């Protein structure tokens, strides 16, 4: 005979359900700027920031191209300032990962484990992640000579020899950009040809500062405080050799962080969310900001601008459907 034991308080799942005017998924520059603007509009936003919050700048060392910091600032320090400013005006940040969403009905649902958060409007700002080679040594030198953003970090490699990994348009563009600073750029391409557009290939092959090494992959990043050498292997013969460089730029692509949405939001062929009328997702009340849709610029300052626009659009939309009174908003 089977005996059924009534669930105790310890074994009964406890679900916490909270209802907010605005939920923000993501806590990088786009998400926290959206939170700042939404908080100043008295919308009491809640940010689902993730277990590793504050975005890609948390793994970036020196940031010298963000306005207002003429002497530069460390990436983690900049993001902490973003957070403090948003919290000062009442934004709340949950440092847990969103595990599911339901945008089919309003209020919208964002699940965080067993908890559910309801939002009259949602701002999606989950960003994009750079694709890496997957080497332990590569991870160890991130921010110390290994980068995935030439626009962000190229300036630090003035008059140095560097390498770029990749064979697509992103790698070709990064290599050409880096010639403004580096004394030499070596492109490491796994195959015997580029995958990028013909015009970009021609520009790279004709550039006096760029050398292309075909059928080559990186097996180890070496150095002391910073990168000093790469171990590379011929993909055809397996033969290994050393490539002395002072920097490595990985340019094999980005992946937008959109798995959470399970096809509920419109995306392009590369998986980036598409937007209508600046920040709209195609679902009334759901807005999009930052690198989760922007595969062109991918800068902290453009992501922050997106967050600003999304928050303003969300507040105006909430007003239009009667969820907030026109007098609720403060001056932006």
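Does any residue of the stretch 140-147 turn out to be in contact (Cβ under 8 Å) with a residue 12 or more places away in the chain, crowded, with 19+ Cβ neighbours inside 10 Å and farther than 26 Å from residue 258 by Cβ? So far as the stretch 140-147 goes, yes, one or more of its residues are in contact (Cβ under 8 Å) with a residue 12 or more places away in the chain, crowded, with 19+ Cβ neighbours inside 10 Å and farther than 26 Å from residue 258 by Cβ. Checking each residue in the stretch 34-57 for being surrounded by fewer than 24 Cβ atoms within 10 Å (Cβ to Cβ), in contact (Cβ under 8 Å) with a residue 60 or more places away in the chain and at positive phi picks out only 42. I want to confirm something. Restricting to the stretch 42-54 and keeping residues that are modelled with pLDDT of 75 or more and out of contact with any helix residue (DSSP H, G or I) (no Cβ under 6 Å at 6 or more places or on another chain), which single residue is farthest from residue 121 (Cα to Cα)? Checking each candidate, the answer is 50. Of the residues that make up the stretch 318-327, is at least one at pLDDT 95 or above and surrounded by 14 or more Cβ atoms within 10 Å (Cβ to Cβ)? Yes: one or more hits.
Based on this model, can you work out whether residue 305 counts as modelled with pLDDT of 95 or more, out of contact with any helix residue (DSSP H, G or I) (no Cβ under 7 Å at 6 or more places or on another chain) and part of a loop (DSSP other than H, G, I, E, B)? Even if it seems obvious, please write down each step before you answer.
On the way: modelled with pLDDT of 95 or more: yes; out of contact with any helix residue (DSSP H, G or I) (no Cβ under 7 Å at 6 or more places or on another chain): yes; part of a loop (DSSP other than H, G, I, E, B): no.
Answer is no for this residue.
Based on this model, can you work out whether residue 206 counts as assigned by TED's automatic domain parsing to the domain that holds residue 164, touching a helix residue (DSSP H, G or I) at 6+ places or on another chain (Cβ under 9 Å) and either modelled with pLDDT of 95 or more or surrounded by 15 or more Cβ atoms within 10 Å (Cβ to Cβ) (or both)? Judged against the criteria, residue 206 is not a match. For the stretch 100-128, the set of residues classified as touching a helix residue (DSSP H, G or I) at 6+ places or on another chain (Cβ under 8 Å) and surrounded by fewer than 16 Cβ atoms within 10 Å (Cβ to Cβ) consists of 100 only.
Modelled with pLDDT of 95 or more, not in a strand (DSSP E or B) and not assigned by TED's automatic domain parsing to the domain that holds residue 141: does that describe residue 311?
Numbers: modelled with pLDDT of 95 or more: yes; not in a strand (DSSP E or B): yes; not assigned by TED's automatic domain parsing to the domain that holds residue 141: yes.
Judged against the criteria, residue 311 is a match.
On inspection, residue 67 qualifies as in contact (Cβ under 8 Å) with a residue 12 or more places away in the chain and surrounded by fewer than 22 Cβ atoms within 10 Å (Cβ to Cβ). For the stretch 265-277, check the following and say yes or no: at least one residue is within 17 Å of the chain's Cα centre (by Cα), touching a residue at least 24 places away in the same chain (Cβ under 8 Å), within 28 Å of residue 141 (Cα to Cα) and not assigned by TED's automatic domain parsing to the domain that holds residue 148. Within the stretch 265-277, none of the residues are within 17 Å of the chain's Cα centre (by Cα), touching a residue at least 24 places away in the same chain (Cβ under 8 Å), within 28 Å of residue 141 (Cα to Cα) and not assigned by TED's automatic domain parsing to the domain that holds residue 148. Within the stretch 194-247, can you find the residues that are free of Cβ contacts under 8 Å to residues at least 24 places away in the same chain, in a loop (DSSP other than H, G, I, E, B) and in contact with a strand residue (DSSP E or B) (Cβ under 9 Å, 6 or more places away or on another chain)? Once the filter is applied, which keeps residues that are free of Cβ contacts under 8 Å to residues at least 24 places away in the same chain, in a loop (DSSP other than H, G, I, E, B) and in contact with a strand residue (DSSP E or B) (Cβ under 9 Å, 6 or more places away or on another chain), the stretch 194-247 yields only 239.
The values are calculated or read from the model by the stated rules, or taken from the named source; none is laboratory data. Note that the structure is predicted; figures quoted are calculated from it, not measured. Cβ coordinates were reconstructed from backbone atoms using ideal geometry, including for glycine residues, and neighbour counts include every protein chain displayed.
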